[in-house]
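Take a look at the structure below.
Every number in this text was worked out from the coordinates using simple rules, so none of it is lab data. These figures come from a predicted structure and were not determined experimentally. Please note: Cβ atoms are built from the backbone with ideal geometry, for glycine as well, and neighbour counts cover all protein chains shown.
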Amino acid sequence: MAEVSVEVSATDCTDLAKVLVRADPGGALAAALDVPFGRAVRDGNDALVVRTAPDAWLLLAAADLATPLVRRVEALGAGEFASVVDVTHGHALARLTGTTAAVVLAKLCAIDLADPATPDGNTFRSLVAGVAVTVVRDDARPGRLTAGSAGATPAGGRDARPGRLTVSPTASLASLDRSDALGSAGATPAGGRDAERERSYLLLCDRSYRQYLRDVLTDAGEEFGLAWT
Amino acid sequence: MVLLPCPHCGPRDAAEFGYVGERAARPDPGAATPQQWRGYLYLRRNPAGWADELWLHRAGCGRYLAMSRHTVTGDIRAVRDAATGGAD
Ligand SMILES: [Zn+2]
């Protein structure tokens, strides 16, 4: 291979707001969230709603939105026995993106990552390198991405690659969702790349495993040129 | 890898599960004698054969599962959610 290209990258997204919801699957709160078990859906209010268990939901949003998110979800289940807890600081979150993201993850996880088993918008909780991790397949689409900018250039002095899709480490879910809602036209990256999806996974684990998860991803991704952005 | 069937998550590595123990009917705490309560807490059949067991899918859906498992062969003939009885 004459040129080594960055086919997979990882970003630490621990700063994003994380809210854990436990409620009766047959209750009003479950009906209002309206996401089936095993699926992750963006709601109309800048949050990614992940149904991690029959009776549990994980909501991800921009870093400063935890408190309003808790209030909003609590209001959905008014009077119902449910718990809505801001777990932002108790969990670590990373995003793994790239054409070989699934191959990297497959080295650490026994779950079938092929499209028929785990398509975009799918989520599961399983062991990743021996640690319980919530995995959300949340493919990068042009509307959800920013083209490689200075802030998203991989560390280590690699050349910036115009048109290279990279999840911006500073972008919030909220801002990405707003561009999503506007359609992909305004967010088409330089180079006229097709509006194709790029494999991307969100990985959530207990915060005490943050460095460990980073280390095992770095190790597994080394042969694919994984870069942290 | 030993696979255990989860009614919610599908077949999963046994390492994801926690073994809770044989299932036992909980007596009425107000009416049970100390002997009955002790039996509920501590006494188990421990069969070499089919056993009704409770497992926790710790690293998966987090649900308690009622499993009919053969303690000699490891075969599982039935599994359901211990609380709801169903798959969701
Ligand atoms: Zn399960």
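Scanning the range B:67-88 for residues that are closer than 25 Å to A:Val131 by Cα and either crowded, with 18+ Cβ neighbours inside 10 Å or polar (S, T, N, Q) (or both) turns up B:Met67, B:Val79, B:Asp81.
Return yes or no: is A:Ala30 more than 16 Å from the ligand (Cβ to nearest atom) and within 12 Å of chain B (Cβ to nearest Cβ)? Here the answer is yes, as A:Ala30 does meet what is asked. Filtering A:Asp64, A:Asp115 for residues that are away from chain B (no Cβ under 14 Å), free of Cβ contacts under 8 Å to residues at least 40 places away in the same chain and within 29 Å of A:Glu198 (Cα to Cα) leaves a single hit, A:Asp115. When residues of the range A:213-229 are filtered for being closer than 15 Å to A:Cys13 by Cα and in a helix (DSSP H, G or I), how many remain? Matching residues across the range A:213-229 total 3. Within the range A:16-53, track down each residue that is surrounded by fewer than 17 Cβ atoms within 10 Å (Cβ to Cβ) and in contact (Cβ under 8 Å) with a residue 60 or more places away in the chain. A:Arg22, A:Arg39, A:Val41, listed by residue number. Scanning the range A:14-68 for residues that are part of a strand (DSSP E or B), closer than 19 Å to A:Asp206 by Cβ and in contact with a helix residue (DSSP H, G or I) (Cβ under 9 Å, 6 or more places away or on another chain) yields A:Ala17, A:Lys18, A:Val19, A:Leu20, A:Val21, A:Trp57, A:Leu59, A:Leu60.
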